[in-house]
Amino acid sequence: MKFEKNILCIGAGYVGGPSMAVFALKCPQYKITVADVNKDRIKAWNSDKLPVYEPGLDEVVRETRGRNLFFDTNIAKCIKEADIIFVSVNTPTKTFGIGAGKAANLQFVEKVAREILKESDSNKIVVEKSTLPVKTAEALKRILYSDHEKGVHFQVVSNPEFLAEGTAIEDMKDPDRVLIGSEQTPEGIRARDEIVEIYANWVPREKIITANIWSSELSKLVANAFLAQRVSSINSISALCERTGADINEVSYAIGCDSRIGPKFLKASVGFGGSCFKKDILNLVYIAQSYGLKEVADYWEQVITMNEYQETRFVDRMVRLMFNTVTDKKIALLGFAFKTNTGDTRESPAILISKKLIEEKAEVVITDPKALENARKDLADYKDLVTFEDDPYKAAEGAHAIAILTAWEQYATLDYKRIYDAMEHPAFIFDGCNLLDINKMYELGFNIIPLGRPSRARDI
Ligand code: NAD
Ligand code: UGA
C-alpha cells in the first residue's frame with residue numbers, strides 16, 4: 001500500500017509510543033514508525049507485553065501494528081524515509097556541569113538533530129514533541145542548517161505533548177487542545193499547516209491552536225508549572241487543615257465550586273510525582289535565572305519546596321504517631337506508582353517515603369498492581385531491606401501500619417476487616433490518598449489517619 005505521508009517518531013517512550021499509536025489509529029493513510037536506540041524497548045513494542053501500561057493502549061496497538069504502525073531500531077533508514085520527524089526523546093534534568101540540578105539535559109535531542117542532518121537526503125519537517133526550554137528551536141535550527149552543501153531543507157515546528165499518564169489514549173483521542181508553534185515565515189507556516197493537517201483528521205479545528213514557536217515551547221513548561229502549583233497550593237493547605245480541624249476535601253470542594261478556580265487538580269496528596277512536573281519547573285526556574293529574573297525563579301521554585309515538604313511531612317507524621325519509632329515494625333505500602341493507571345514510578349513520592357522508613361529500620365513491604373517491577377529497580381540499593389508483594393492482603397499480614405500512597409481503585413474496596421484481623425494491634429492506616437471512609441475504618445478498630453482531615457484514633 002502507498003501511504004500519503006511517512007511520519008517518524010524518534011523516542012519510543014511513554015509519549016512516543018502511545019501518541020503515535022493514536023496517530024496510526026486515526027490516520028490509516030499515513031505510515032507511522034516509532035524508532036528508538038533502546039532495542040529492548042522496541043522489542044517489547046513489537047511483542048504482546050508492551051513496555052508501557054496505559055488503559056486502552058493494547059487495543060490500539062493491536063489494531064494498528066503491522067498495518068500502518070511500525071516499531072524499528074534502524075533509525076538511519078527511518079530518517080531517510082520520513083517526511084515528518086517527531087522528536088520525543090527524554091529531556092531529564094541535567095545532573096552535571098553548568099545548570100546541574102535544574103537545566104534540561106538536551107544531549108539526546110541534540111544527538112537526534114545531528115543524526116537527522118547526517119541521514120537526510122530529502123527535505124523534512126522536524127517537530128519538537130519533547131518538552132524543551134524556550135529557544136531550543138534556535139539551537140536545533142543551527143544544527144540542522146549547519147551543512148550548507150547538502151541542499152536539504154528543514155523546518156522546525158514545536159508541538160508539545162500535554163497527555164497525562166494513565167489517560168494517555170483518551171487524552172490523545174480527545175485533547176483539550178493541540179498546540180503547534182512555528183516560525184512566522186511562509187515556509188514556517190507551510191510546515192505548521194502540515195502538522196495541523198495531521199491532527200485535523202480527528203481533532204476539531206478550533207482545538208488546534210497555532211502560535212509563534214517561542215510561545216509554544218514556553219506554554220508547555222508553564223502548563224506543567226501551573227498544574228503542579230495547584231497541587232502544591234492545596235497540599236500546603238492540607239498541613240493547615242491538620243492543625244485546625246478543617247477538612248481538606250471540604251475546602252477543595254468549596255473553593256473549586258468557584259468557576260474562576262474550578263474543581264480540577266485540587267486533590268491533596270502525599271505530593272506530586274511523575275517524570276515531568278519537577279523537572280519542568282526546575283527548567284523554568286533555570287530559564288528565569290538565566291534571564292536575571294530572580295523573583296520569578298524564586299516564586300516557581302517554591303512549588304518544588306512545598307512538594308518536598310509534603311512528602312517528608314507525611315512520613316515524619318507516620319513515625320511520630322506510631323509512638324516515635326517504627327524500628328522493626330512492619331509497614332505495608334499500598335501503591336508505588338506516582339498515580340493510578342500507570343506502572344510508572346518516576347519521582348513517585350513512594351520512593352522517598354520508602355527510603356525514609358527503611359532508614360528508620362522499619363520492615364517495609366510494597367504492593368502495587370502495576371508498578372512492582374519499577375519499584376524493585378528504584379529500591380535496588382535497599383533490596384535486602386524491603387519486600388515486594390503482589391497481594392495486598394499478604395502485604396498487610398502482621399503489619400503495624402499500612403500507608404496508602406497511590407489511589408488505586410481496588411484499595412478502596414479491600415476487605416479491611418480481614419486486613420485488620422491479620423495485623424498487629426494497635427493497627428494504623430495512613431491514608432495518603434483519602435480513599436477510605438474514616439468512620440468505617442475507626443469502627444473496624446483502626447487508628448485512621450487521613451491527609452489534611454481530622455483523624456480518628458484510639459491509641460494516640
Ligand atoms: P521516556 O524516557 O519514556 O522515552 C524517551 C525515549 O527516547 C527512550 O526510550 C530513549 O531510549 C529514547 N531515546 C533517547 N535518545 C535517543 C536517540 N538519540 N535516538 C533514539 N531514541 C532515543 O520519556 P517520555 O516520558 O516519553 O518523555 C519524552 C519527552 O516528552 C520528555 O521531554 C518529556 O518531558 C515529554 N513529556 C512526557 C510526558 C509523560 O507523560 N511522560 C507527557 C508530556 C511530555
Ligand atoms: C502531567 C500533566 O498533567 C500533563 O498535561 C503533562 O503532559 C505531563 O505531566 C508531562 O508533561 O509529563 P502526569 O504527570 O502524567 O501529567 O500526571 P498528572 O495527572 O498531572 O499527575 C501528576 C502528579 O500530580 C501525580 O503524582 C498526581 O497524583 C498528582 N496530583 C494530581 C495530585 O496530587 N493532586 C491532583 O489534584 C492532581
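Taking Cα pairs under 8 Å and at least six residues apart, what relative contact order does the stretch 1-101 come out at, in percent?
That works out to 39 percent.
Identify all lysines with a Cα-Cα distance to residue 31 below 16 Å; exclude those on the same chain that are fewer than 8 residues away in sequence.
Partners found: 2, 5, 77, 80, 124.
Ordering 340, 327, 244 by accessible area with a probe of 1.4 Å, largest first, what comes out?
So the residues, ranked largest to smallest area, are 244, 327, 340.
Hey, what number do you get for the chain at 222 nm if only DSSP H runs of n ≥ 4 count, each worth -39500 (n - 2.57), divided across all residues, to the nearest 500?
Mean residue ellipticity at 222 nm (helix-derived): -13000 deg cm²/dmol.
Roughly to the nearest percent, how much of the accessible area of the chain is carbon and sulfur, given a 1.4 Å probe?
Here it works out to 51 percent.
Take the Cα pairs of the stretch 245-460, get the Kirkwood Rh, then feed it into Stokes-Einstein at 4 °C and 1.567 mPa s and tell me D in µm²/s.
Calculated translational D: 71 µm²/s.
How much length would be gained if the chain were fully extended between residue 255 and residue 184, taking 0.36 nm per residue of separation minus their Cα-Cα distance, in nm to one decimal?
The span from residue 255 to residue 184 would gain 21.5 nm if fully extended.
How tilted is helix 349-359 with respect to the longest principal axis of the chain? Cα atoms for both, answer in degrees (0 to 90, nearest 10).
For 349-359 against the chain, the angle is about 50 degrees.
Using modelled backbone amide H atoms (1.01 Å from N, in-plane), which distant-in-sequence or interchain residues come within less than 5 Å of residue 93's amide H?
Counting only residues 5 or more places away or on other chains, the set is 105.
Using θ = phi - 60° and the Karplus form 6.51 cos²θ - 1.76 cosθ + 1.60, what ³J(HN,Hα) does each residue of the stretch 94-109 get, whole Hz, x for Gly and Pro?
5, 10, 9, x, 5, x, 3, x, 9, 5, 7, 7, 9, 4, 6, 5
Averaged across orientations, what area in nm² does the convex hull of the alpha carbons in the stretch 28-115 project?
Result: a mean projected hull area of 7.3 nm².
From Cα pairs below 8 angstrom and at least 6 apart in sequence, can you work out the relative contact order of the stretch 245-460, rounded to a whole percent?
20 percent
Would you kindly state how much longer the chain becomes between residue 200 and residue 265 on full extension, computed as 0.36 nm times their sequence separation minus their alpha carbon distance, in nm to one decimal?
20.5 nm
How large is the accessible surface per residue of the chain, computed with a 1.4 Å probe and reported in Å² as a whole number?
Each residue of the chain exposes 46 Å² on average to a 1.4 Å probe.
Enumerate the amide H contacts of residue 427 below 5 Å, restricted to partners 5 or more residues apart or on another chain; note that Pro and chain-start residues carry no placed amide H.
HN-HN under 5 Å from residue 427: 447.
Work out how far the C-alpha atoms of the stretch 112-155 reach from end to end along every principal axis, then list the three figures in whole Å, largest first.
Cα extents, longest axis first: 29, 15, 15 Å.
Helix 16-26: angle to the longest alpha-carbon principal axis of the chain, degrees 0 to 90, nearest 10?
Helix 16-26 and the main axis of the chain meet at about 60 degrees.
Which percent, nearest 5, of DSSP beta bridges in the stretch 5-203 are antiparallel?
10 percent
Given H placed 1.01 Å from N in the peptide plane, which residues other than close sequence neighbours of residue 127 have an amide H under 5 Å from its amide H?
Those lying under 5 Å, H to H, from residue 127 are 85, 86, 87, 157.
List the GluC sites (Glu not before Pro) in the stretch 406-460 that DSSP assigns to loop (not H, G, I, E or B) and whose Cβ has at most 16 other Cβ atoms within 10 Å. Which are they?
Sites meeting the loop and neighbour criteria: 424.
Which of the pairs 43/118; 94/118; 220/279; 330/361; 49/370 have their Cα atoms more than 19 Å apart in this structure?
43/118; 94/118
Can you give the FRET efficiency for residue 391 and residue 135, using 1/(1 + (r/R0)^6), R0 = 35 Å, r = Cβ-Cβ distance, to the nearest 0.05?
The value I calculate is 0.10.
So for the chain: antiparallel DSSP bridges make up what percent, rounded to the nearest 5?
Of those bridges, close to 5 percent are antiparallel.
Roughly what would the spin-label model give for residue 294 and residue 3, points 7 Å off Cα along C-beta, in nm?
With each label placed 7 Å out from Cα toward Cβ, I get 5.3 nm.
What does the charge add up to near residue 211, with Lys and Arg as +1, Asp and Glu as -1, over the other residues with Cβ less than 14 Å from its Cβ?
Here the count lands on 0.
Would you tell me the accessible area of residue 67, worked out with a 1.4 angstrom probe on the heavy atoms of the protein chains, in Å² to the nearest 10?
Residue 67 has an accessible surface of roughly 90 Å² with all protein chains in place.
With both partners inside the stretch 245-460, how many of the DSSP beta bridges are antiparallel, as a percent to the nearest 5?
Of those bridges, close to 5 percent are antiparallel.
Among the lysines, select those whose C-alpha is under 16 Å from the C-alpha of residue 173, and discard any that sit fewer than 8 residues away in the same chain.
Residue 173 reaches 26, 207.
Measure nothing fancy, just the Cα-based angle from helix 277-290's long axis to the longest principal axis of the chain, in degrees from 0 to 90, nearest 10.
Around 60 degrees separate the two axes.
Eigenvalues of the Cα gyration tensor times 5, then square-rooted: what semi-axes does that give for the chain, in whole angstrom, largest first?
In descending order, the three semi-axes are 43, 24, 20 Å.
Considering all alpha-carbon pairs of the stretch 5-203, what whole percent are spaced by more than 31 angstrom?
The calculated P(r) of the stretch 5-203 puts 14 percent of pairs beyond 31 Å.
Rounded to the nearest 0.05, what FRET efficiency do residue 325 and residue 458 give with R0 = 25 Å and r taken as the Cβ-Cβ distance? Could you check?
It comes out at approximately 0.85.
Whole-Hz ³J(HN,Hα) for each residue in the stretch 216-227, computed from phi via Karplus 6.51 cos²θ - 1.76 cosθ + 1.60 with θ = phi - 60°, x for glycine and proline: what do you get?
5, 4, 5, 4, 5, 5, 5, 4, 5, 5, 5, 5
Quick check: net charge around residue 13, other residues with Cβ under 13 Å of its Cβ, Lys/Arg +1 and Asp/Glu -1?
Once positives and negatives cancel, what remains is -3.
The values are calculated or read from the model by the stated rules, or taken from the named source; none is laboratory data. Not measured: the values here are computed from a predicted model. Ideal geometry is used to build each Cβ from the backbone, glycine not excepted, and the neighbour counts take in all protein chains shown. The protein model used for the area step is the full one, side chains on, heavy atoms only, and it has no ligands, DNA or RNA in it. Shrake-Rupley method; radii C 1.70, N 1.55, O 1.52, S 1.80 Å.
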